[in-house]
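Comments concern the structure below.
Bear in mind these aren't lab numbers, they're just calculated from the coordinates by the rules spelled out. Every value quoted in this text rests on a predicted model; they were computed, and no experiment measured them. With ideal geometry, Cβ positions are generated from the backbone for all residues, glycine too; neighbour counts draw on all protein chains shown.
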Amino acid sequence: MPPSTTTKATTAPPWSPLFKSHLTSPSNKSKSFTLATVTTTKDGTPVPRSRTCELRGFFPEVFSLHRSAADALEAQGIGRNPDGRFESDMPVFTTDVRMSKLGELGVSGGVVEGVFWLEGVGVQWRVRGRSFVFGGGDNGDEDEEGGRGEVWSGVRVKDQTDQKENDWDWERMVTTYFASHSPVMRGSFRNPPPGQPRSVNPDDLKIGDKVEDLKDPIARKNFRVVVIRPDEVEMLDLSTAPDAVRKRWTVVRDGQEEKWEEMELWP
Ligand SMILES: Cc1cc2nc3c(=O)[nH]c(=O)nc-3n(C[C@H](O)[C@H](O)[C@H](O)COP(=O)(O)O)c2cc1C
């Protein structure tokens with residue numbers, strides 16, 4: 001069951017339809033983005049870190065769940081959360097818990113920025129917000145539990161008249177994101193430890209395994225889903241250059257109310 005239905009976001013933020021239309025435009029060939037985090041060196045100096053990640057959907061929607069993956073979810077007794085019933089504007093990426101970025105996200109709610117350069121449409125989007133990590137399983141820590149509430153408050157019910165029983169489960173959702181990877185990609189979560197010297201492989205893991213079992217214990221121990229809850233979004237539309245359009249939207253949250261303020265800026 002979802003944790004709470006009392007603080008639901010009810011309307012889409014003003015930037016969201018435009019962002020999604022750019023992402024799904026036939027001219028746009030990529031859904032990867034640059035994810036920036038902040039960390040500190042041993043002497044305490046703050047330093048930036050950035051890397052490319054793949055947008056997997058807007059929680060809890062999943063881009064590209066292959067037919068065979070949907071079949072595997074059924075065949076392996078996992079099933080599906082109600083499809084198409086919920087939507088949001090919170091970008092999702094997946095990662096390996098052993099990678100540096102996980103530590104750099106900090107405690108649940110750590111700040112990140114995702115930068116999308118959608119070359120085909122000539123638009124840059126910068127999405128700033130807080131990140132929430134899921135996938136620790138039933139033993140997921142308290143952070144994860146708190147994150148569920150935060151993320152759920154950003155999810156909208158698309159069809160309010162749908163009175164179906166809320167057959168929704170967080171672990172099943174994480175498994176669905178896992179299933180949306182190819183068997184080879186799933187296998188990468190049981191690679192030797194990412195970012196460690198090649199001479200280090202304490203668990204004697206190997207590269208190139210294909211994983212069909214959606215509950216593969218090693219891969220699932222390492223697999224994580226990260227949801228970004230946006231606080232500020234900025235668009236730079238260069239398609240109209242030299243008079244490029246630059247807009248910034250900032251959220252104002254007041255109790256259960258969520259309002260986005262829009263400001264047009266010089267480019
Ligand atoms: C096109 C592309 C897509 C990628 N997608 C992801 C992704 O979705 N998640 C991820 O953790 N790493 C992804 N990577 C690898 C990261 O860029 C990075 O090398 C790796 O995650 C280690 O980063 P870290 O040490 O900062 O954690 C991708 C790389 C490329 C080139």
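Side notes on the structure shown:
- Loop trypsin sites (Lys or Arg not before Pro), the stretch 11-46 (other Cβ atoms within 10 Å of the site Cβ: 11 or fewer; DSSP): Lys29, Lys42
- Highest-first packing order for the peptide set 205-217, 229-241 is 229-241, 205-217, based on the mean count of other beta carbon atoms within 10 Å.
- When each of the peptides 197-204, 32-39, 250-257, 173-180 is scored by the mean number of other C-beta atoms lying within 10 Å of its residues, the order from highest to lowest reads 173-180, 32-39, 250-257, 197-204.
- In Hz, Karplus ³J(HN,Hα) per residue of the stretch 251-267 (6.51, -1.76, 1.60; θ = phi - 60°; x = Gly, Pro): 8, 10, 10, 10, x, 8, 8, 10, 10, 10, 9, 10, 9, 8, 10, 5, x
- Qualifying chymotrypsin sites (Phe, Trp or Tyr not before Pro) in the stretch 55-160, where qualification requires a DSSP coil assignment and no more than 16 other C-beta atoms within 10 Å, comprise Phe63.
- Environment charge of Leu205, counting only residues whose C-beta is closer than 11 Å and scoring Lys/Arg +1, Asp/Glu -1: 0
- Net +/- balance of residues flanking Leu265 in space, Cβ distance below 14 Å, scoring K and R +1, D and E -1: -3
- Restricting the stretch 54-127 to GluC sites (Glu not before Pro) that sit in a DSSP loop and have at most 13 other Cβ atoms within 10 Å of their own Cβ leaves Glu119.
- Computed over all pairs of different Cα atoms, the Kirkwood value for the hydrodynamic radius of the chain is 19.8 Å.
- Rounded to the nearest Hz, the phi-derived 3J(HN,Hα) couplings of the stretch 72-80 under the Karplus curve 6.51 cos²θ - 1.76 cosθ + 1.60 (θ = phi - 60°) are 5, 4, 6, 4, 8, x, 8, x, 10, where x marks glycine and proline.
- Cα centroid separation, the stretch 192-211 to the stretch 230-259: 41 Å.
- Cross-link pairs Lys20/Lys247; Lys20/Lys101; Lys101/Lys206 - those with Cα-Cα distance over 18 Å: Lys20/Lys101; Lys101/Lys206
- The residues packed around Thr250, meaning those with a beta-carbon under 10 Å from its beta-carbon, carry a net charge of -2 if Lys and Arg are +1 and Asp and Glu are -1.
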